[in-house]
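Engineer: Before we start, here is the structure in question, set down as C-alpha coordinates.
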Amino acid sequence: MKEELFNKKVSGWENISEENKEKIFKFSDEYIYFLNKVKTEREAVCFAKKMLDENGFKDINKLEKLKKGDKVYYVNRDKSMYIAVIGEEKLENGLNIVGAHIDSPRLDLKPNPLYEDTGFAYLKTHYYGGIKKYQWTTIPLAIHGVIVKSNGEKINICIGEEDDEPIFTITDLLPHLAVEQMEKKLKEAINGEDLNVLIGSIPMQDKDQNEKIKLNILTLLNEKYGIKEIDFVSSELEIVPAFKARSLGFDKSMVASYGQDDRVCAYTSIRAILDVVEPKKTAVCILADKEEIGSYGNTGMESHVFDMFISELLNKTGENKPNLLEKVFCNSKMLSADVDAGLDPIYASVSEKNNAARIGYGIGLNKYTGARGKSGASDANAEYVAEVRNIFEKANLPYQVSELGKVDVGGGGTIALILADKGIDVIDCGVPVLSMHAPYEVTSKFDVFCAYKGYSAFMK
Ligand code: MN
Ligand code: MN
(Lines give C-alpha, C1' and ligand atoms only; values in the text may rest on other atoms or scores of the structure.)
(Ligands and ions follow the chains in the order given, each with its own letter.)
Protein backbone atom coordinates (compact mmCIF):
# COMPACT_ATOMS: atom_id res chain seq x y z
CA MET A 1 0.00 0.00 0.00
CA LYS A 2 2.79 2.39 0.92
CA GLU A 3 4.56 1.74 -2.37
CA GLU A 4 1.32 2.55 -4.16
CA LEU A 5 0.08 5.56 -2.19
CA PHE A 6 3.06 7.55 -0.95
CA ASN A 7 4.69 10.31 -2.97
CA LYS A 8 8.09 8.80 -2.46
CA LYS A 9 11.06 11.05 -2.93
CA VAL A 10 14.32 9.36 -3.86
CA SER A 11 17.69 10.58 -5.02
CA GLY A 12 18.18 10.29 -8.76
CA TRP A 13 21.53 8.60 -8.15
CA GLU A 14 19.79 5.72 -6.38
CA ASN A 15 19.98 2.61 -8.66
CA ILE A 16 21.10 4.66 -11.67
CA SER A 17 22.38 2.65 -14.64
CA GLU A 18 25.99 3.09 -15.78
CA GLU A 19 24.64 4.17 -19.16
CA ASN A 20 22.53 6.98 -17.74
CA LYS A 21 25.32 8.10 -15.45
CA GLU A 22 27.63 8.33 -18.44
CA LYS A 23 25.10 10.44 -20.36
CA ILE A 24 24.68 12.77 -17.38
CA PHE A 25 28.43 13.22 -16.91
CA LYS A 26 29.01 13.87 -20.60
CA PHE A 27 26.29 16.53 -20.64
CA SER A 28 27.78 18.09 -17.50
CA ASP A 29 31.22 18.35 -19.10
CA GLU A 30 29.63 20.39 -21.89
CA TYR A 31 27.80 22.50 -19.32
CA ILE A 32 31.06 23.15 -17.41
CA TYR A 33 32.73 24.18 -20.66
CA PHE A 34 29.90 26.70 -21.21
CA LEU A 35 30.23 28.07 -17.64
CA ASN A 36 33.93 28.69 -18.19
CA LYS A 37 33.30 30.54 -21.45
CA VAL A 38 30.31 32.55 -20.24
CA LYS A 39 30.29 34.82 -17.19
CA THR A 40 28.11 37.72 -18.36
CA GLU A 41 24.80 38.18 -20.17
CA ARG A 42 26.62 39.46 -23.27
CA GLU A 43 28.86 36.39 -23.35
CA ALA A 44 25.80 34.17 -22.93
CA VAL A 45 24.12 35.79 -25.94
CA CYS A 46 27.29 35.42 -27.97
CA PHE A 47 27.66 31.72 -27.05
CA ALA A 48 23.97 30.99 -27.69
CA LYS A 49 24.01 32.75 -31.05
CA LYS A 50 26.98 30.68 -32.20
CA MET A 51 25.31 27.43 -31.11
CA LEU A 52 22.08 28.41 -32.85
CA ASP A 53 23.85 29.46 -36.06
CA GLU A 54 25.58 26.07 -36.16
CA ASN A 55 22.22 24.36 -35.80
CA GLY A 56 20.34 26.03 -38.62
CA PHE A 57 18.73 28.92 -36.72
CA LYS A 58 18.49 32.27 -38.53
CA ASP A 59 18.29 35.89 -37.41
CA ILE A 60 14.59 36.75 -37.79
CA ASN A 61 15.50 40.14 -39.28
CA LYS A 62 17.01 38.37 -42.29
CA LEU A 63 13.83 36.45 -43.17
CA GLU A 64 10.81 37.94 -44.98
CA LYS A 65 8.47 35.00 -44.35
CA LEU A 66 8.24 32.17 -41.86
CA LYS A 67 6.74 28.70 -42.27
CA LYS A 68 6.39 25.65 -40.04
CA GLY A 69 9.71 24.12 -39.02
CA ASP A 70 11.61 27.42 -39.41
CA LYS A 71 14.09 28.18 -36.64
CA VAL A 72 14.75 31.82 -35.74
CA TYR A 73 16.17 34.09 -33.07
CA TYR A 74 16.19 37.78 -32.17
CA VAL A 75 19.13 39.38 -30.37
CA ASN A 76 18.12 42.34 -28.22
CA ARG A 77 21.03 44.78 -27.74
CA ASP A 78 23.50 41.91 -27.28
CA LYS A 79 22.09 41.28 -23.79
CA SER A 80 18.90 39.30 -24.15
CA MET A 81 17.58 36.93 -26.76
CA TYR A 82 14.41 35.21 -27.97
CA ILE A 83 14.45 31.97 -29.95
CA ALA A 84 11.61 30.15 -31.75
CA VAL A 85 10.89 27.01 -33.75
CA ILE A 86 7.68 27.50 -35.75
CA GLY A 87 5.10 24.79 -35.11
CA GLU A 88 2.56 23.00 -37.28
CA GLU A 89 -0.39 24.66 -35.57
CA LYS A 90 -1.23 28.34 -35.81
CA LEU A 91 0.45 30.63 -33.31
CA GLU A 92 -3.07 31.62 -32.27
CA ASN A 93 -3.32 28.25 -30.49
CA GLY A 94 -0.54 29.30 -28.17
CA LEU A 95 3.20 28.87 -27.69
CA ASN A 96 5.23 26.56 -25.48
CA ILE A 97 7.75 28.86 -23.81
CA VAL A 98 10.79 28.15 -21.65
CA GLY A 99 12.28 31.33 -20.18
CA ALA A 100 15.55 31.67 -18.28
CA HIS A 101 17.73 34.64 -17.37
CA ILE A 102 21.38 35.11 -18.24
CA ASP A 103 22.41 37.87 -15.83
CA SER A 104 23.94 36.90 -12.46
CA PRO A 105 24.80 38.76 -9.27
CA ARG A 106 28.17 40.51 -9.54
CA LEU A 107 29.97 43.81 -9.00
CA ASP A 108 29.57 46.45 -11.73
CA LEU A 109 32.12 49.21 -12.18
CA LYS A 110 30.88 52.70 -11.39
CA PRO A 111 30.90 55.26 -14.26
CA ASN A 112 33.98 56.94 -12.75
CA PRO A 113 35.70 53.95 -11.19
CA LEU A 114 39.43 54.64 -11.24
CA TYR A 115 41.23 56.25 -8.30
CA GLU A 116 44.48 56.16 -6.38
CA ASP A 117 44.88 55.98 -2.61
CA THR A 118 48.06 55.69 -0.56
CA GLY A 119 50.14 53.65 -2.95
CA PHE A 120 47.44 51.65 -4.71
CA ALA A 121 45.12 52.06 -7.69
CA TYR A 122 41.53 50.83 -7.37
CA LEU A 123 38.27 50.48 -9.28
CA LYS A 124 35.08 51.47 -7.48
CA THR A 125 32.08 49.17 -7.87
CA HIS A 126 28.34 49.13 -7.31
CA TYR A 127 27.08 45.62 -6.65
CA TYR A 128 24.42 44.13 -8.95
CA GLY A 129 21.72 41.90 -7.49
CA GLY A 130 21.37 40.30 -4.10
CA ILE A 131 24.85 39.52 -2.83
CA LYS A 132 26.35 38.85 0.59
CA LYS A 133 29.12 41.45 0.39
CA TYR A 134 31.63 39.62 2.58
CA GLN A 135 31.72 36.75 0.05
CA TRP A 136 33.29 39.03 -2.57
CA THR A 137 36.45 39.93 -0.65
CA THR A 138 39.74 37.98 -0.86
CA ILE A 139 38.80 35.91 -3.90
CA PRO A 140 40.38 36.10 -7.39
CA LEU A 141 38.34 38.37 -9.65
CA ALA A 142 38.18 38.89 -13.42
CA ILE A 143 36.87 41.84 -15.43
CA HIS A 144 34.45 41.15 -18.30
CA GLY A 145 32.48 43.56 -20.44
CA VAL A 146 32.55 46.31 -23.01
CA ILE A 147 33.81 49.85 -23.33
CA VAL A 148 32.13 51.89 -26.05
CA LYS A 149 33.96 54.99 -27.23
CA SER A 150 32.01 58.09 -28.21
CA ASN A 151 32.61 57.25 -31.89
CA GLY A 152 30.75 53.96 -31.35
CA GLU A 153 33.84 51.75 -31.39
CA LYS A 154 33.22 48.83 -29.02
CA ILE A 155 36.07 47.21 -27.12
CA ASN A 156 35.49 43.79 -25.57
CA ILE A 157 37.31 43.24 -22.30
CA CYS A 158 37.98 39.88 -20.65
CA ILE A 159 40.93 39.73 -18.30
CA GLY A 160 41.70 37.41 -15.41
CA GLU A 161 40.61 34.09 -16.93
CA GLU A 162 43.78 32.75 -18.58
CA ASP A 163 46.64 31.42 -16.45
CA ASP A 164 49.10 33.97 -17.86
CA GLU A 165 46.78 36.91 -17.14
CA PRO A 166 46.69 38.84 -13.87
CA ILE A 167 43.65 38.64 -11.60
CA PHE A 168 42.21 41.27 -9.26
CA THR A 169 40.91 41.14 -5.72
CA ILE A 170 39.17 43.06 -2.93
CA THR A 171 41.07 43.07 0.33
CA ASP A 172 39.68 42.45 3.82
CA LEU A 173 40.91 43.28 7.29
CA LEU A 174 43.31 40.91 9.04
CA PRO A 175 41.66 39.15 12.03
CA HIS A 176 44.32 40.59 14.35
CA LEU A 177 42.89 44.08 13.83
CA ALA A 178 39.29 43.17 13.16
CA VAL A 179 37.98 43.25 16.72
CA GLU A 180 35.48 45.98 15.89
CA GLN A 181 34.53 44.51 12.49
CA MET A 182 33.90 41.07 13.99
CA GLU A 183 31.37 42.56 16.40
CA LYS A 184 29.28 43.94 13.53
CA LYS A 185 26.26 42.29 11.96
CA LEU A 186 27.22 40.19 8.93
CA LYS A 187 25.39 42.54 6.56
CA GLU A 188 27.27 45.54 7.93
CA ALA A 189 30.72 43.97 8.21
CA ILE A 190 31.67 44.96 4.67
CA ASN A 191 30.49 48.35 3.48
CA GLY A 192 29.20 48.59 -0.12
CA GLU A 193 31.51 51.55 -0.71
CA ASP A 194 34.49 49.43 0.37
CA LEU A 195 34.07 46.88 -2.43
CA ASN A 196 36.97 48.48 -4.30
CA VAL A 197 39.00 46.29 -6.64
CA LEU A 198 42.78 46.43 -6.22
CA ILE A 199 44.36 46.88 -9.67
CA GLY A 200 47.92 48.19 -9.32
CA SER A 201 50.77 49.74 -7.33
CA ILE A 202 53.59 50.84 -9.66
CA PRO A 203 53.89 54.62 -10.08
CA MET A 204 54.71 56.34 -13.38
CA GLN A 205 58.44 57.13 -13.42
CA ASP A 206 57.93 60.91 -13.38
CA LYS A 207 58.62 62.67 -10.12
CA ASP A 208 56.75 65.86 -11.03
CA GLN A 209 53.34 64.22 -11.26
CA ASN A 210 50.79 63.32 -8.60
CA GLU A 211 48.44 60.33 -8.94
CA LYS A 212 51.31 58.54 -10.62
CA ILE A 213 49.91 55.02 -10.04
CA LYS A 214 46.60 55.97 -11.61
CA LEU A 215 48.52 57.53 -14.48
CA ASN A 216 50.52 54.34 -14.96
CA ILE A 217 47.34 52.24 -15.06
CA LEU A 218 45.74 54.61 -17.59
CA THR A 219 48.89 54.41 -19.71
CA LEU A 220 48.70 50.61 -19.69
CA LEU A 221 45.00 50.68 -20.55
CA ASN A 222 45.64 53.19 -23.32
CA GLU A 223 48.35 50.99 -24.83
CA LYS A 224 46.27 47.81 -24.58
CA TYR A 225 42.76 49.03 -25.38
CA GLY A 226 43.22 52.55 -26.77
CA ILE A 227 41.02 54.07 -24.07
CA LYS A 228 41.14 57.17 -21.87
CA GLU A 229 39.61 57.64 -18.41
CA ILE A 230 36.48 59.32 -19.85
CA ASP A 231 35.67 56.12 -21.80
CA PHE A 232 34.70 54.32 -18.56
CA VAL A 233 31.52 56.46 -18.47
CA SER A 234 30.20 54.54 -21.48
CA SER A 235 31.23 51.08 -20.42
CA GLU A 236 29.61 48.02 -18.89
CA LEU A 237 32.37 46.27 -16.99
CA GLU A 238 31.50 43.45 -14.62
CA ILE A 239 33.68 42.10 -11.85
CA VAL A 240 33.15 38.33 -11.61
CA PRO A 241 34.93 35.49 -9.80
CA ALA A 242 38.00 34.34 -11.72
CA PHE A 243 37.89 30.75 -10.58
CA LYS A 244 36.85 27.95 -12.88
CA ALA A 245 33.72 25.83 -12.95
CA ARG A 246 34.64 22.36 -11.70
CA SER A 247 33.21 18.97 -10.89
CA LEU A 248 32.60 18.78 -7.15
CA GLY A 249 33.09 15.83 -4.81
CA PHE A 250 35.13 12.59 -4.86
CA ASP A 251 32.23 11.10 -6.83
CA LYS A 252 32.13 14.17 -9.15
CA SER A 253 28.34 14.25 -8.73
CA MET A 254 28.01 18.02 -8.51
CA VAL A 255 29.06 21.19 -10.33
CA ALA A 256 30.61 24.14 -8.50
CA SER A 257 30.68 27.40 -10.41
CA TYR A 258 29.92 31.09 -10.47
CA GLY A 259 26.73 32.16 -12.25
CA GLN A 260 24.68 28.95 -12.16
CA ASP A 261 21.72 31.19 -11.22
CA ASP A 262 20.50 31.22 -13.83
CA ARG A 263 22.84 30.08 -16.52
CA VAL A 264 22.14 26.47 -15.56
CA CYS A 265 18.57 26.92 -16.78
CA ALA A 266 19.69 29.09 -19.70
CA TYR A 267 22.14 26.47 -20.97
CA THR A 268 19.71 23.58 -20.57
CA SER A 269 16.95 25.64 -22.30
CA ILE A 270 19.18 26.39 -25.29
CA ARG A 271 20.21 22.73 -25.53
CA ALA A 272 16.55 21.76 -25.30
CA ILE A 273 15.36 24.00 -28.14
CA LEU A 274 18.12 22.59 -30.37
CA ASP A 275 16.32 19.22 -30.04
CA VAL A 276 12.96 20.62 -31.18
CA VAL A 277 12.09 19.59 -34.75
CA GLU A 278 8.76 20.54 -36.36
CA PRO A 279 6.81 20.77 -33.09
CA LYS A 280 3.01 20.86 -33.03
CA LYS A 281 2.99 24.21 -31.24
CA THR A 282 5.61 26.88 -31.74
CA ALA A 283 8.43 26.48 -29.21
CA VAL A 284 9.98 29.61 -27.75
CA CYS A 285 13.04 30.09 -25.57
CA ILE A 286 13.69 33.33 -23.68
CA LEU A 287 17.13 34.38 -22.42
CA ALA A 288 16.38 37.47 -20.32
CA ASP A 289 18.64 40.10 -18.79
CA LYS A 290 18.18 42.18 -15.61
CA GLU A 291 16.21 39.53 -13.67
CA GLU A 292 18.47 39.98 -10.67
CA ILE A 293 17.56 43.66 -10.34
CA GLY A 294 13.82 43.52 -11.04
CA SER A 295 13.62 42.78 -14.80
CA TYR A 296 13.35 46.48 -15.73
CA GLY A 297 14.97 48.22 -18.71
CA ASN A 298 14.72 47.34 -22.38
CA THR A 299 16.69 44.11 -22.01
CA GLY A 300 14.66 42.99 -18.98
CA MET A 301 11.49 40.90 -19.16
CA GLU A 302 9.27 43.88 -18.27
CA SER A 303 10.09 45.51 -21.64
CA HIS A 304 7.89 45.06 -24.71
CA VAL A 305 10.68 43.71 -26.89
CA PHE A 306 9.42 40.15 -26.32
CA ASP A 307 5.92 41.18 -27.49
CA MET A 308 7.54 42.69 -30.57
CA PHE A 309 9.29 39.36 -31.28
CA ILE A 310 6.03 37.41 -31.08
CA SER A 311 4.33 40.05 -33.27
CA GLU A 312 7.10 39.51 -35.80
CA LEU A 313 6.34 35.76 -35.76
CA LEU A 314 2.68 36.58 -36.40
CA ASN A 315 3.55 39.03 -39.19
CA LYS A 316 6.04 36.81 -40.93
CA THR A 317 3.87 33.68 -40.81
CA GLY A 318 1.12 35.85 -42.36
CA GLU A 319 -1.21 35.03 -39.48
CA ASN A 320 -1.53 38.44 -37.85
CA LYS A 321 -4.81 40.28 -37.35
CA PRO A 322 -5.90 42.97 -34.84
CA ASN A 323 -5.38 42.05 -31.17
CA LEU A 324 -4.14 38.55 -32.00
CA LEU A 325 -1.05 38.96 -29.80
CA GLU A 326 -3.12 38.99 -26.59
CA LYS A 327 -4.90 35.83 -27.70
CA VAL A 328 -1.59 34.11 -28.46
CA PHE A 329 -0.40 34.89 -24.94
CA CYS A 330 -3.63 33.77 -23.29
CA ASN A 331 -3.32 30.41 -25.04
CA SER A 332 0.37 29.98 -24.23
CA LYS A 333 2.12 27.88 -21.62
CA MET A 334 5.44 28.50 -20.01
CA LEU A 335 8.12 27.10 -17.75
CA SER A 336 9.85 29.97 -15.96
CA ALA A 337 13.25 28.31 -15.95
CA ASP A 338 14.99 29.57 -12.84
CA VAL A 339 16.90 28.01 -9.99
CA ASP A 340 15.38 26.91 -6.72
CA ALA A 341 16.88 26.90 -3.22
CA GLY A 342 18.12 23.39 -2.52
CA LEU A 343 17.89 21.98 1.00
CA ASP A 344 21.27 22.51 2.68
CA PRO A 345 21.66 20.22 5.74
CA ILE A 346 23.98 22.77 7.37
CA TYR A 347 21.26 25.41 7.13
CA ALA A 348 18.25 23.10 7.29
CA SER A 349 16.49 25.39 9.77
CA VAL A 350 15.39 27.80 7.00
CA SER A 351 13.74 25.02 5.00
CA GLU A 352 10.60 23.07 5.70
CA LYS A 353 11.61 19.47 5.04
CA ASN A 354 8.44 18.31 3.33
CA ASN A 355 8.43 21.24 0.91
CA ALA A 356 12.09 21.86 0.19
CA ALA A 357 13.80 20.92 -3.07
CA ARG A 358 16.55 18.34 -2.64
CA ILE A 359 19.79 18.39 -4.60
CA GLY A 360 19.90 15.37 -6.90
CA TYR A 361 16.20 14.62 -6.73
CA GLY A 362 15.21 15.94 -10.17
CA ILE A 363 13.63 19.07 -11.61
CA GLY A 364 12.32 21.51 -9.00
CA LEU A 365 8.91 23.08 -9.57
CA ASN A 366 7.82 26.08 -7.50
CA LYS A 367 4.03 26.36 -7.70
CA TYR A 368 4.44 29.85 -6.30
CA THR A 369 7.19 32.16 -5.09
CA GLY A 370 6.74 35.41 -3.14
CA ALA A 371 7.17 36.09 0.57
CA ARG A 372 5.07 36.46 3.71
CA GLY A 373 1.62 35.16 2.80
CA LYS A 374 2.61 34.46 -0.83
CA SER A 375 2.80 38.22 -1.38
CA GLY A 376 4.07 39.07 -4.85
CA ALA A 377 3.68 35.49 -6.05
CA SER A 378 2.66 34.14 -9.38
CA ASP A 379 0.75 31.08 -8.20
CA ALA A 380 0.34 28.46 -10.93
CA ASN A 381 -3.17 27.06 -11.38
CA ALA A 382 -3.67 23.47 -10.20
CA GLU A 383 -4.88 22.50 -13.68
CA TYR A 384 -1.65 23.76 -15.18
CA VAL A 385 0.55 22.07 -12.54
CA ALA A 386 -1.24 18.82 -13.44
CA GLU A 387 -0.47 19.33 -17.13
CA VAL A 388 3.22 19.92 -16.46
CA ARG A 389 3.34 16.90 -14.12
CA ASN A 390 1.83 14.82 -16.86
CA ILE A 391 4.55 15.85 -19.32
CA PHE A 392 7.29 14.91 -16.87
CA GLU A 393 5.61 11.65 -15.83
CA LYS A 394 5.22 10.59 -19.46
CA ALA A 395 8.88 11.41 -20.08
CA ASN A 396 9.78 9.40 -16.96
CA LEU A 397 11.54 12.39 -15.39
CA PRO A 398 11.74 12.80 -11.61
CA TYR A 399 10.35 16.13 -10.40
CA GLN A 400 9.76 17.72 -7.01
CA VAL A 401 7.30 20.48 -6.16
CA SER A 402 8.66 22.75 -3.47
CA GLU A 403 8.74 26.24 -2.02
CA LEU A 404 11.72 28.50 -1.44
CA GLY A 405 11.95 28.29 2.34
CA LYS A 406 9.95 28.18 5.55
CA VAL A 407 6.92 30.46 5.88
CA ASP A 408 7.98 34.00 6.89
CA VAL A 409 11.70 33.20 6.67
CA GLY A 410 12.20 35.09 3.40
CA GLY A 411 11.26 34.68 -0.23
CA GLY A 412 12.01 35.59 -3.80
CA GLY A 413 10.63 36.07 -7.26
CA THR A 414 11.37 35.33 -10.90
CA ILE A 415 10.19 36.45 -14.34
CA ALA A 416 7.12 34.18 -13.95
CA LEU A 417 4.71 36.91 -12.82
CA ILE A 418 5.61 39.17 -15.75
CA LEU A 419 4.60 36.53 -18.28
CA ALA A 420 1.59 35.50 -16.19
CA ASP A 421 0.43 39.13 -16.48
CA LYS A 422 0.13 38.65 -20.24
CA GLY A 423 -2.24 35.74 -19.66
CA ILE A 424 0.27 32.91 -20.04
CA ASP A 425 0.05 29.82 -17.82
CA VAL A 426 3.39 29.83 -15.98
CA ILE A 427 5.17 27.76 -13.38
CA ASP A 428 8.70 28.12 -12.04
CA CYS A 429 10.74 25.11 -13.00
CA GLY A 430 14.48 24.71 -12.57
CA VAL A 431 17.49 23.29 -10.84
CA PRO A 432 17.92 23.36 -7.04
CA VAL A 433 21.11 25.17 -5.99
CA LEU A 434 23.21 25.41 -2.83
CA SER A 435 24.89 28.75 -1.94
CA MET A 436 22.65 30.61 -4.41
CA HIS A 437 24.00 34.08 -5.38
CA ALA A 438 27.43 33.27 -3.90
CA PRO A 439 30.58 33.50 -6.04
CA TYR A 440 30.58 29.68 -6.08
CA GLU A 441 27.21 27.93 -6.40
CA VAL A 442 26.55 24.19 -6.27
CA THR A 443 24.20 22.06 -8.40
CA SER A 444 23.75 18.32 -8.93
CA LYS A 445 24.67 16.95 -12.34
CA PHE A 446 21.58 14.76 -12.11
CA ASP A 447 19.28 17.78 -11.82
CA VAL A 448 21.07 19.67 -14.60
CA PHE A 449 20.44 16.77 -16.98
CA CYS A 450 16.81 16.45 -15.81
CA ALA A 451 16.24 20.15 -16.52
CA TYR A 452 17.52 19.71 -20.06
CA LYS A 453 15.30 16.65 -20.60
CA GLY A 454 12.33 18.38 -18.97
CA TYR A 455 12.55 21.57 -21.05
CA SER A 456 12.99 19.47 -24.14
CA ALA A 457 9.88 17.37 -23.38
CA PHE A 458 7.88 20.54 -22.64
CA MET A 459 8.80 22.28 -25.89
CA LYS A 460 8.19 19.16 -27.97
MN1 MN B 1 17.44 33.34 -10.93
MN1 MN C 1 18.91 35.10 -8.58
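The values are calculated or read from the model by the stated rules, or taken from the named source; none is laboratory data. For clarity, every value in this text was computed on a predicted model and none was experimentally measured. Positions of Cβ are generated from backbone atoms using ideal geometry, with glycine treated the same way; all protein chains shown enter the neighbour counts. The accessibility values were calculated without ligands, DNA or RNA, using every heavy atom of the protein model including side chains. Shrake-Rupley method; radii C 1.70, N 1.55, O 1.52, S 1.80 Å.
Engineer: Within region 125-195, which GluC sites (Glu not before Pro) sit in a loop by DSSP and count at most 14 neighbouring Cβ atoms inside 10 Å?
Structural biologist: Taking region 125-195 and a limit of 14 other Cβ atoms within 10 Å, the loop GluC sites (Glu not before Pro) found are Glu153, Glu162.
Engineer: For region 435-446, in order, what is each residue's ³J(HN,Hα) by Karplus, 6.51 cos²θ - 1.76 cosθ + 1.60 with θ = phi - 60°, in whole Hz (x at glycine and Pro)?
Structural biologist: 6, 3, 6, 7, x, 10, 10, 10, 10, 9, 4, 4
Engineer: Where in the chain lies the longest segment free of chymotrypsin sites (Phe, Trp or Tyr not before Pro) that are both loop residues by DSSP (not H, G, I, E, B) and have at most 12 other Cβ atoms within 10 Å?
Structural biologist: It runs 7-249.
Engineer: Compute the convex hull volume of the Cα atoms of region 106-241, divide it by the residue count, and report the result per residue in Å³ as a whole number.
Structural biologist: 128
Engineer: To continue, here is another question. Any chance you could check the Cα centroid distance between region 240-262 and region 28-48 for me, in angstrom?
Structural biologist: Centre-to-centre distance over Cα atoms comes out at 13 Å.
Engineer: Taking 1 over the mean of 1/r across every pair of different Cα atoms in the chain, what Kirkwood radius in Å do you get?
Structural biologist: Taking every pair of different Cα atoms in the chain, averaging 1/r and inverting gives 23.5 Å.
Engineer: Loop-only trypsin sites (Lys or Arg not before Pro) in region 222-284, please: DSSP not H, G, I, E or B, and at most 14 other Cβ atoms within 10 Å.
Structural biologist: Working: sites: Lys224, Lys228, Lys244, Arg246, Lys252, Arg263, Arg271, Lys280, Lys281; in loops: Lys228, Lys244, Lys252, Lys280, Lys281.
Counting only loop positions with at most 14 other Cβ atoms within 10 Å, the trypsin sites (Lys or Arg not before Pro) in region 222-284 are Lys228, Lys244, Lys252, Lys280.
Engineer: Shifting gears a bit: Enter the accessible area of His176 (Å², nearest 10), with the probe set to 1.4 Å and all protein chains included.
Structural biologist: Looks like 140 Å² after rounding.
Engineer: List, in order, the whole-Hz ³J(HN,Hα) value for each residue of region 380-386 obtained from phi through the Karplus relation with A = 6.51, B = -1.76, C = 1.60 and θ = phi - 60°; use x for Gly and Pro.
Structural biologist: With coefficients 6.51, -1.76 and 1.60, one gets 5, 5, 3, 4, 6, 4, 4 Hz.
Engineer: Please go through region 343-376 and write out the trypsin sites (Lys or Arg not before Pro) that DSSP classes as loop and that have at most 12 other C-beta atoms within 10 Å.
Structural biologist: In loop regions of region 343-376 (DSSP not H, G, I, E or B), the sparsely surrounded trypsin sites (Lys or Arg not before Pro) are Arg372.
Engineer: Carbon and sulfur together cover what percent of the accessible area of the chain at a 1.4 Å probe radius?
Structural biologist: Here it works out to 51 percent.
Engineer: Pull up all non-local amide H partners of Ile157: gap of 5 or more, or a different chain, and H-to-H distance under 5 Å with H placed in the peptide plane.
Structural biologist: Amide H neighbours of Ile157, under 5 Å, 5+ apart: Gly145, Val146, Ile147.
Engineer: Considering only protein heavy atoms, with the full assembly of protein chains and a 1.4 angstrom probe, order Val10, Val385 by accessible area, largest first.
Structural biologist: Val10, Val385
Engineer: For the chain, what is the calculated [θ] at 222 nm in deg cm²/dmol (nearest 500), taking -39500 (n - 2.57) for each run of four or more DSSP H residues and dividing by its residue count? Walk me through the intermediate numbers first.
Structural biologist: Values: 12 runs with 129 residues, N = 460.
Here the helix-only value at 222 nm equals -8500 deg cm²/dmol.
Engineer: Sum up the charges of everything whose Cβ sits under 9 Å from the Cβ of Thr137, counting Lys and Arg as +1 and Asp and Glu as -1, but leave Thr137 out.
Structural biologist: The answer is -1.
Engineer: Taking K and R as +1 and D and E as -1, what net charge do the other residues with C-beta under 12 Å from the C-beta of Met204 add up to?
Structural biologist: Numbers: positive: Lys207, Lys212, Lys214; negative: Glu116, Asp206, Asp208, Glu211.
Charge balance near Met204 sits at -1.
Engineer: To continue, here is another question. Pairs of alpha-carbon atoms within less than 8 angstrom and 6+ residues apart define the contacts here; what relative contact order does the chain have, in percent?
Structural biologist: Computed over the chain, the figure is 22 percent.
Engineer: What does the accessible area per residue of the chain come to in Å², with a 1.4 Å probe and no ligands, DNA or RNA counted?
Structural biologist: Accessible surface, normalised per residue, equals 49 Å².
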